[in-house]
Each structure stands twice: as structure tokens, then as C-alpha cells.
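First comes the structure, then the notes that go with it.
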Amino acid sequence: MGGMATTAPGTRALPDTSHFRRQAFIDGAFADAASGATFACVSPVSGETLFDVAACDGADVDRAVAVARRTFEAGTWSRLAPRERRTVLLRLAELIERDRDRLALMITLDMGKPISGAQGEVDGAAAYFRYFAEAVDKVYGEVGPTGPSAFTFVTREAIGVVGLVVPWNYPILMPTWKLAPALATGNSIVLKPAEQSPIVPLALAELAAEAGVPDGVFNVLPGFGETAGQALGRHMDVDKLAFTGSSEVGKLFLVYAGESNMKSVQLECGGKSPNVVFDDVPDVDLAVAQAAEGIFGNSGQVCSAGSRLLLQESIADEVLEKLAAEAGKWQPGDPLDPATRMGSMVDETQMDRVLGYIGTGASEGAELRAGGARAREESGGFYVEPTIFAGARNDMRIAQEEIFGPVVTAIPFRSEADGVRIANDTVYGLSSAVWTRDINKAHRFARSIRAGTVCVNCYDWGDNSLPFGGYKQSGIGRDKSLHALENYTQLKTTYINVLEG
Ligand code: NDP
């Protein structure tokens, strides 16, 4: 347990992590798992074990859900005036900013994201809490148009106990996307972070308590999906389950809900998003830079990554040549160096999975134009080169399956109709982009694409004020924007018979 990690020969020493929280956070206090079990927290930066973290299971889930239920019913948070919850969540945003560097370091050590990206992620979390804090006392209910003999109104009420199960690719932002609207609307939360990234959510819980979120309202249980995650999904007293992660596990949560209490389920799952470049692209260099960022950013571990690059034939060679040059700027570096653009994969399993897909692409007959290998092996960490496959077909596995790594599959197409058909030929529908000068073509594409987001002449741009989520097997429901408040509230109709005097 604890202390300074030992250093692999020839690499920089990792910072001291002895003060990082590593126990579960239940009812306002840190505690070991009921079983006393732990699991190793390994940094992909260097492959070193940092310390052991509590491995919670069903018994801890039962305890945390009971605490969450009790606090919800007691009303210490759920019955506060919205403006009072606003004050607390605005304070939380300030505390996140105060601790920006500490939180960013946790993210980088835990999952290998470059420190500059981790700082940006922390900033994003603070801004997101602020958005929902500011929103929550500005939404109104409805008065029904039911005529003079009745007064009817429709209010939004907090759902109750909300379970959150999240992935590791954005260790503070992914929980925050759900936490902020769920807390703002008065729910009590039990969060299970991914086993690869438990550190920063535990720090977030401590900050929430410091900001004034009452004990028992926000609980965090590090642990495994099959145990703690499943127990939350199947719990009879969890009213809502919001999940981000793979489509495969997302489907399990629908089963868990169906086999337990029919809890409401919101899913933000995978993608194989098409980034479609027509030969009338207005700025080919911008398109190339954004295509690179869209697949190499966060080592490609992004649900909305532009993993399929659809290139109109007449421009394909030029784009691919420029993209290969651009990839040179994304060579993996030390994640703790502020100049690094691409860090490690989250762990050895994910690195092996990505390298496996690279082997699959080569054996399927796609042409490897750049990358393809492990990098920085001497660091002991888990790095993969930015990788480009060209001349691929859309029926290849590297064009159909979510690789979740810095691997782009470029697919040529002839006509506009071809481009749209290939773009839609996927079980996913999270994001998409089209590059063209022709506003009519852009509108036709936006209308035809079956995806939750379509960007025109940019890739994966968004805003807290805009909903984000998927069509098809990319999910159910939307994170972000005022619509996210709907995820954590339900409608109540009150019908008052106005009696004649
Ligand atoms: P998962 O979908 O397995 O993990 C997401 C969350 O679900 C984690 O908290 C995980 O817990 C939990 N979980 C896993 N199995 C179960 C289960 N049986 N019941 C309940 N909860 C469960 O993603 P992985 O981390 O395994 O990554 C595998 C692949 O999933 C990636 O390569 C990528 O393709 C895709 N993925 C997609 C993401 C997206 O945002 N689109 C995000 C992450 C992954 P734990 O980690 O502790 O097991």
C-alpha cells in the first residue's frame, strides 16, 4: 500500500501518490470494502503499481444504496430549494479549479492521458458543474390547459437513487456528465468508476463533501464491473442507472433492469464514427489536422473518435499523404511532459487489444500507411504509435468494430450517395462529420446520417449547451444540455378539481 512507486531503470520517477484516496466513499467517510478486498492500481505511464484500491462488491453496493435511499428520503439534499443546491455545486466547481493540478495529475497517472489534456478535462468538469448549477433554478414546470374547472400542473421530481457506471477514458468528465445534472436535480448517487481509473472520482467525492453535499448523497465504490457494477444494475432499490462504456456492457444493463425492478436506463455507448471528406473540402489542411486530432487525441480512446475516415477518391491520396505527415506530431511521449500530445493506452490489455486489431487490419488486406507498433517500451508503459490504414473496405473488422485506440481506417468512396451509404453502414450512430463547400450537400448529409451528432467542416465539436448521445447501438438518451435534466427527473401530474363555491 501507498508511498512512492518504485522506478523502472532509465525512466523518470513518478510523483508521490501516498496521499491519494483509495478506499470507498460511503455516507461521507472513506472505508475499506466490507470484504477487505483490494485490487492493484497500475499506472500505464510506466507499468508500475501505485497502490491497492478497495474492491467493493454486492455487500458494499447494498450499504451504499441504503445510505443513498435514506438521505434521499430524509430530504437533506433532495428537498433543498434549487438555488441552495446551485450554491453548493458552484462551490464544487471552484474547488475543482482550486485543485486542478492535483486532479489532473491523478488522471494522468491513472490512465496515461497527457497532463495538458488532463488539465483540460478538469476544466471541463468544473464548467460542467457550473452549467447545471446555474440551470437548475431556471427551469419551470407546466400548467395544464385543462380549463376553468381544474387546476393542473406538471412538475419534475428527482428520480431517487441513481447508479452511475462509467469508463476510464475521461475519469473525471464521464462521471461529471451524469453527476452534475443528477445532483443538481436532487438525487442521491452511487458511482462505480472503472477499475482502471478510480482515483479521481474518490477525490471528487471528497471535494463534493467539502463543498457542502451532505453525507450519503454522493457515494463512490471502486470495484469490478462483474461484481459492483452488476450489483448496482440489478439492485431493487436503484431507481435509475446511467452508464457510459461499451455497447456490449450497455446491453447487459438493459438485461439487469429487465430482470430486476425495471429501473430506467440511460446508455452512452460506443461508436465507429464516419468522418467524410468530399473533394470540395474547403480547407484540406484543417480537415487533416482535425482528422488526426479526432482519432489520435486521447490515444483514440474516445467514444466519438473519427475512426472511419471516408475519402472521396479524387482527394484520397492528398489527404492520406498529409495525414501521415500529421501523424508524426502525435508520436507518444511522456504523459507528464506538458508538451506531449499523445500519452499511453489505459492499460496493457487495451494496448494488446489495439495491437491485435492492427494485426487484423493487415491480415484483412488494408494498407498500413503509418505506425502499427508499440512505442516507448523502455518506459515500462503501454504506448501505441498513431496508425493509419488506407484502402480499407467498410466490411472489414477494422471498419466495423470499435478499436478504441489511435487507429484510423481510411475508406475510399466515389459518389455522394456512396459516401452516405458507407457512413451509415454500421451498427453504431454516435457522431459524424462532413467536409464540403456545398451547403446543400452538407444539409443532405446531415439529414441522411443516422447519428446523434453531425459536424460540418469540423470534427467532434460540441458545447455543454448541446446534447450528446447516440442513435442505434451507440446508446439510449443524451448527456449534456438542459435535456440531461430529464434523465434524472420524472414528470408528476397533479390534478386539482376546482369546486364551485
Ligand atoms: P466496459 O464497457 O466493459 O466498461 C465500462 C464500465 O462498465 C466500467 O465501469 C466497467 O467496470 C463496467 N462493467 C464492465 N463489465 C460489466 C458488467 N458485466 N456489469 C456491469 N458493469 C460492467 O469497457 P472496458 O473498460 O472493458 O473497455 C472495453 C472496450 O469497450 C474498449 O476497448 C472500447 O471499445 C469500449 N469502451 C467504450 C467506451 C465508450 O465511451 N464508448 C468507454 C470504454 C470502453 P470495470 O472496468 O471495473 O470492469
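Miscellaneous remarks
- Residue in the range 137-159 that is surrounded by 24 or more Cβ atoms within 10 Å (Cβ to Cβ) and either part of a helix (DSSP H, G or I) or modelled with pLDDT of 95 or more (or both) present: no
- The set of residues in the range 160-182 that are more than 16 Å from the ligand (Cβ to nearest atom) and either outside any helix (DSSP H, G or I) or out of contact with any strand residue (DSSP E or B) (no Cβ under 7 Å at 6 or more places or on another chain) (or both) comprises GLY160, VAL161, ALA180, PRO181.
- Residue among VAL255, VAL200 that is more than 9 Å from the ligand (Cβ to nearest atom), touching a residue at least 40 places away in the same chain (Cβ under 8 Å) and either surrounded by fewer than 24 Cβ atoms within 10 Å (Cβ to Cβ) or not small (Gly, Ala, Ser) (or both): VAL200
- Across the range 362-390, the qualifying residues are those that are free of Cβ contacts under 8 Å to residues at least 60 places away in the same chain, assigned to a helix (DSSP H, G or I) and of a type in the set (D, E, K, R), and the one among them that is surrounded by the fewest Cβ atoms within 10 Å (Cβ to Cβ) is GLU377.
- Residues considered: ASP237, ASP280. Of these, the only one that is in contact with a Ser or Thr (Cβ under 7 Å, 6 or more places away or on another chain), away from the ligand (no atom under 16 Å from the Cβ) and outside any helix (DSSP H, G or I) is ASP280.
- The lone exception for ALA211 - which of (1) near the ligand (Cβ under 10 Å from one of its atoms); (2) in contact (Cβ under 8 Å) with a residue 60 or more places away in the chain; (3) surrounded by fewer than 23 Cβ atoms within 10 Å (Cβ to Cβ); (4) not β-branched (Val, Ile, Thr) it fails: (1)
- Identity of the residue in the range 285-326, away from the ligand (no atom under 16 Å from the Cβ) and outside any helix (DSSP H, G or I), that ends up farthest from GLU268 (Cα to Cα): GLN312
- Breaking point among (1) over 18 Å from PRO175 (Cβ atoms); (2) part of a loop (DSSP other than H, G, I, E, B); (3) touching a strand residue (DSSP E or B) at 6+ places or on another chain (Cβ under 9 Å); (4) more than 11 Å from the ligand (Cβ to nearest atom), for MET262: (3)
- Of the residues making up the range 402-448, those that are more than 15 Å from LEU311 (Cβ to Cβ), within 15 Å of the ligand (Cβ to nearest atom) and in contact with a Lys or Arg (Cβ under 9 Å, 6 or more places away or on another chain) are GLU402, ILE403, PHE404, GLY405, THR426, VAL427, TYR428, GLY429, LEU430.
- Pair list, Cβ under 9 Å, 6 or more apart: the range 455-484 residue under 27 Å from THR185 (Cβ atoms), other residue basic (Lys, Arg) and not in a loop (DSSP other than H, G, I, E, B): ASN464/ARG130; ASP479/LYS178; ALA484/LYS178
- Selection status of ASN169, at pLDDT 95 or above, within 14 Å of the chain's Cα centre (by Cα) and not aromatic (Phe, Trp, Tyr): yes
- Note on the range 327-354: among residues that are among the aliphatic types (A, V, I, L, M) and either in a loop (DSSP other than H, G, I, E, B) or modelled with pLDDT under 95 (or both), the one that is farthest from the ligand (Cβ to nearest atom) is ALA339.
- Residue match in the range 80-100 (condition: touching a strand residue (DSSP E or B) at 6+ places or on another chain (Cβ under 8 Å), touching a residue at least 40 places away in the same chain (Cβ under 8 Å) and not in a helix (DSSP H, G or I)): no
- Within the range 464-473, the set of residues being within 14 Å of the ligand (Cβ to nearest atom) and in contact with a helix residue (DSSP H, G or I) (Cβ under 7 Å, 6 or more places away or on another chain) comprises just one member, GLN473.
- Among (1) surrounded by fewer than 19 Cβ atoms within 10 Å (Cβ to Cβ); (2) farther than 27 Å from GLY270 by Cβ - the single one ASN219 does not satisfy: (1)
The values are calculated or read from the model by the stated rules, or taken from the named source; none is laboratory data. Everything numeric in this text was worked out from a predicted model, so none of it was measured. Cβ atoms come from the backbone with ideal geometry, glycine included; neighbour counts cover every protein chain shown.
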